[in-house]
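Okay, structure first, notes after.
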């Protein structure tokens, strides 16, 4: 199993924190967010990781150079390619894998990637996607699925969402996804890829703590929220 961690975002909503620190390296109780994802990849048995970079790329390079553990390949994007564009442009990295992970680095969760990988092994669809219930679904990719877990509808940030079950930005794709990848970049997974995978994807509602740390309010709340969630897991 390999993983692509999407980490090149500008983090404009996290300024002034991201004026000097790339979004993927903002600390969660003293630990860089990217470090948390790399640790979870290691626990899940991931053998190699690709991280895309753009804004303050040198800071990410310094972080990776000083780290030991799972091998990390950096893919610098002079111009942002979008989430789907990053996958397509780095296809050679995953071309030898039957399936691979894709992780949005600006999310923070206690849900282990190993569970998504195990779920993916139970079916033969092109994709598996983690899902959660959102209080603001119109800001997310909204999903409908049938009783078996098959994704039957997907809408990216709809004005009138048909429900509150939304995309968590955690995927496992089989290599057959290549035939559905958008031909042009920039391209986004939510807008350009997942609608093409309706009827070809399985959804997994996740449990545990989950938040997009992309705003200052969410980021500051996450410091205490994530720590409490981790303690609850340790005590259970």
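The values are calculated or read from the model by the stated rules, or taken from the named source; none is laboratory data. Keep in mind the model is a prediction, meaning the values are calculated, not measured. Ideal geometry is used to build each Cβ from the backbone, glycine not excepted, and the neighbour counts take in all protein chains shown.
Look at (1) over 18 Å from residue 169 (Cα atoms); (2) out of contact with any helix residue (DSSP H, G or I) (no Cβ under 8 Å at 6 or more places or on another chain) and you find that residue 95 fails only one, number (2). Does any residue of the stretch 47-63 turn out to be within 15 Å of the chain's Cα centre (by Cα) and closer than 30 Å to residue 234 by Cβ? Yes; the residues of the stretch 47-63 include at least one that is within 15 Å of the chain's Cα centre (by Cα) and closer than 30 Å to residue 234 by Cβ. Scanning the stretch 197-206 for residues being surrounded by fewer than 17 Cβ atoms within 10 Å (Cβ to Cβ) and in contact with a helix residue (DSSP H, G or I) (Cβ under 9 Å, 6 or more places away or on another chain) gives a total of 1. Residue 37 satisfies every condition listed in (1) touching a residue at least 40 places away in the same chain (Cβ under 8 Å); (2) within 20 Å of residue 109 (Cα to Cα); (3) in contact with a helix residue (DSSP H, G or I) (Cβ under 6 Å, 6 or more places away or on another chain) except (3).
Give me a count of the residues in the stretch 119-132 that are in a helix (DSSP H, G or I) and either crowded, with 22+ Cβ neighbours inside 10 Å or at pLDDT below 95 (or both). Break it down stepwise before answering.
Filtering the stretch 119-132 for residues in a helix (DSSP H, G or I) gives 119-120.
Filter again for either crowded, with 22+ Cβ neighbours inside 10 Å or at pLDDT below 95 (or both), leaving 120.
Adding up the residues that qualify gives 1.
Name the single residue, out of those in the stretch 161-171 being touching a residue at least 40 places away in the same chain (Cβ under 8 Å) and surrounded by fewer than 24 Cβ atoms within 10 Å (Cβ to Cβ), that is farthest from residue 120 (Cα to Cα). Top of the filtered list is 165. When 101, 116 are checked against the criterion of being buried (at least 19 other Cβ atoms within 10 Å of the Cβ), assigned to a helix (DSSP H, G or I), at pLDDT 95 or above and in contact with a strand residue (DSSP E or B) (Cβ under 7 Å, 6 or more places away or on another chain), 116 stands alone in meeting it.
Scanning the stretch 55-96 for residues that are closer than 12 Å to residue 6 by Cα and crowded, with 19+ Cβ neighbours inside 10 Å returns 77, 81, 82, 83, 84, 85, 86, 87. Checked against (1) in a strand (DSSP E or B); (2) within 21 Å of residue 37 (Cβ to Cβ), residue 143 meets all criteria but (2).
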